[in-house]
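> One structure coming up, written as structure tokens, with questions to follow.
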Amino acid sequence: MKEKNYRREDFVADSYFRQWVKSPDEASSKYWQLFLDQHPEQGETVRQATDLVHKLSEVTTRLAGTANPAEEDAIWQAIHQQIVQNQEEPHSPEPVARPVWGRFRWVAAASVAVVAGLSWWLLYPDTAPSQQTLTHQSATSTPPQLVEKVNTTQQPVFVVLTDGSSVILQKNSRLTYDKTLSGNRREVTLDGEAYFDVAKDSHKPFIVYANDLVTKVLGTSFNVRAYSGAKDVVVTVRSGRVSVFPQADITRAPEQLTSDKLTGMVLSPNEQAVYSRTDARLVQTKPNETSDAKALAFQPVNADYQAVPVREVFKDIERSYGLPVVFSNQAVGNCRLTADLREGTLAQKLDIICATVEANWDIQATQIVVSGRGCHP
Amino acid sequence: MLNDWYYFLANLSTYHNESVLWDAFRQGDIEAFEQIYRTHSSALLGYGKRLSTDHDLVKDAIQDVFIEIWKRRENLRDLHTIKFYLFRVLRNRLTNLQQKALTVSTEEAPIDEELLLTPSIELILTEEETLTDQQHRLQRAIEALPNRQREAIMLAFFHNFSNDEIARIMGINHQSVINNLNRAFAALRVSLTDFSLILCMLLNYF
């Protein structure tokens, strides 16, 4: 609001004014106090406008009518029934409330994810039970819904987890996780290579099981290369700190997984851990520009953008994550973005960008597709 | 009686903290989802019934909308977004399901001042005697507004949406929302002034 001499109605028609009257917070109070200081002649009008907002709120509340609990209950029953049916179909044909079965399925599936195509396990059978104990401990009362993403394309595939963590899964790689990420830690199993942009949650560590190496973080970005045929498992950190443990250490001291401290070998940005599976040795190194090119290419977008066309911002994202971004409407690219994108995962950043320019984003095959009304150039 | 029901619900609620509720919902907790449903169901039912006279259709639409947000919960940003999303999707869905049953007029109707003055003088007089006289007049005047103006007023003052959200829910542009609100204010002012003038005259007369 810039001009002077507003009518009472001009205030009432203003969203920010209504918000201040109905649920004032520090920012709005400061704003309207400043307005009143600068326009003392509008004091009476503002008072009348405040009064009108209150009156209209009271009257519309009465107009909205009374609730009908019976009707609302009936609708809820229908919704509930449909959800439960849908949830059961994809993962188990059996009826609900089978936590015990759910737990065993999880153990079996987790083992399969690591064992599949892995004759190496057969040579060292003594390590197999450790995986089982581990997953068994992590099982919770809610039956997990195991999801498996396999990238059979030649391009990287973008996977977003429930908590907003973003995973870029490279070709011939497989990621297995509990869809709800419930329990006291977020656990995923990787076979192949993936870049992880983990959403911050200091109470729920994010844990990647990759062959015999366990990587634990509280919120950061890093790359794990653990192809089942390869001798080494390589973890490369791009931001924040992560800790890595050989699977055997975790079996000995599982509490390391749940603690909110980082123990084991702690890596900082651009540090790397290489775990040799043949002699079970964990070594800290610096990434190699040739062999780790893919991991090093990931550079989380972390700029503070000031009125930059969204087209440019998405170009940065394409470069940083190696994922193509496509506009379903080119005019979206014209919208300008002013936002601080230094924190958060890729999915969270896409959410912020799209919320700001009133667009939506979606993952379609190996692309990120952005749609919206767009802006004039 | 209504309040009792709300207190009852409030005590039933498992999640008293919004962010805990939100996390639980995102992780697929049906109890959390039910709590979100309970928070919005009566507002949505009220809103839907104003949009369509076919109340069964409204109930079906609400069911579909909640199934949809359950499926898309990972893409939703926060509780306020849910509320906005529910209203927007419900309106779309109702429009699609039964275009003709909608009582919403497609044109912005001119302000009908005659209509606002239809209640009989007797009725006005009896109501003037009560404490909430002004509320009654305002209420009747809002009821008499053209549908789009009334919808904008309800979304702005009862459901507490911003003009931008109202625009997106109603599928009109930002300026049209402000125009609708201003026309409504003008109509309400006319009715209020007229009624009080009549009242003054009558009071002076006696």
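The values are calculated or read from the model by the stated rules, or taken from the named source; none is laboratory data. Note that the structure is predicted; figures quoted are calculated from it, not measured. Glycine gets a Cβ as well: all are built from the backbone with ideal geometry, and neighbour counts include every protein chain shown. Surface accessibility is based on the protein's heavy atoms, side chains included, excluding ligands, DNA and RNA. Shrake-Rupley method; radii C 1.70, N 1.55, O 1.52, S 1.80 Å.
> For the range A:200-214 and the range A:173-195, compute the distance between their C-alpha centroids and round to whole Å.
The range A:200-214 and the range A:173-195 have Cα centres spaced 9 Å from each other.
> Another question, then. Using the Karplus curve 6.51 cos²θ - 1.76 cosθ + 1.60 with θ = phi - 60°, work out ³J(HN,Hα) for each residue of the range A:223-231 in order, rounded to whole Hz, and write x for Gly and Pro.
These are the phi-based 3J(HN,Hα) values: 10, 10, 10, 8, 6, 4, x, 7, 6 Hz.
> Given q = 0.15, 0.19, 0.29 Å⁻¹, what are the Debye log10 I(q)/I(0) values for the range A:8-63, with equal point scatterers placed on the Cα positions and solvent ignored?
For the range A:8-63, the Cα-only Debye profile gives -0.41, -0.64, -1.26.
> So if I restrict to the alpha-carbon atoms in the range B:143-192, what is the Rg, and what is Dmax, the biggest pairwise distance, in Å?
Just the Cα atoms of the range B:143-192 yield Rg and Dmax of 10.2, 30 Å.
> How large is the charge dipole for the range B:42-92, taken about the Cα centre, if only the Cβ atoms of Lys, Arg (+1) and Asp, Glu (-1) carry charge, to the nearest 20 debye? Don't skip to the end; give the middle numbers.
On the way: 10 positive and 7 negative charges, 45 e Å.
It comes to approximately 220 debye.
> Now, a different point. Take the Cα radius of gyration of the range A:326-377 and divide it by 2.2 N^0.38 Å, with N its residue count; two decimals is plenty. Each step should come with its number before you reach the end.
Values: Rg = 10.9 Å, N = 52, 2.2 N^0.38 = 9.9 Å.
Against the compact-globule rule of thumb, the ratio is 1.10.
> Counting just the Cα atoms, what span does the range A:39-89 cover along each of its three principal axes? Round to the nearest Å and put the largest first.
Principal-axis extents of the range A:39-89 (Cα, largest first): 66, 24, 8 Å.
> Now, a different point. Around residue A:176, with a cut-off of 10 angstrom between Cβ atoms, what is the net charge of the other residues, counting Lys and Arg +1 and Asp and Glu -1?
Numbers: positive: A:149, A:174; negative: A:148, A:178, A:187, A:191.
Overall, the nearby charge balance is -2.
> Measuring from centroid to centroid over Cα atoms, what is the spacing of the range B:132-173 and the range A:333-377 in Å?
32 Å
> Another question, if that's okay. Using the alpha carbon gyration tensor of the range A:181-280, what are the three equivalent-ellipsoid semi-axes (square root of 5 times each eigenvalue), largest first, in whole Å? Show your work: numbers first, answer last.
Working: eigenvalues 73, 46, 31 Å².
Rounded to whole Å, the semi-axes are 19, 15, 13.
> Note the buried accessible area between A and B here, summed over both chains, with a 1.4 Å probe, in Å² to the nearest 100.
Chain pair A/B: roughly 4600 Å² of buried accessible area.
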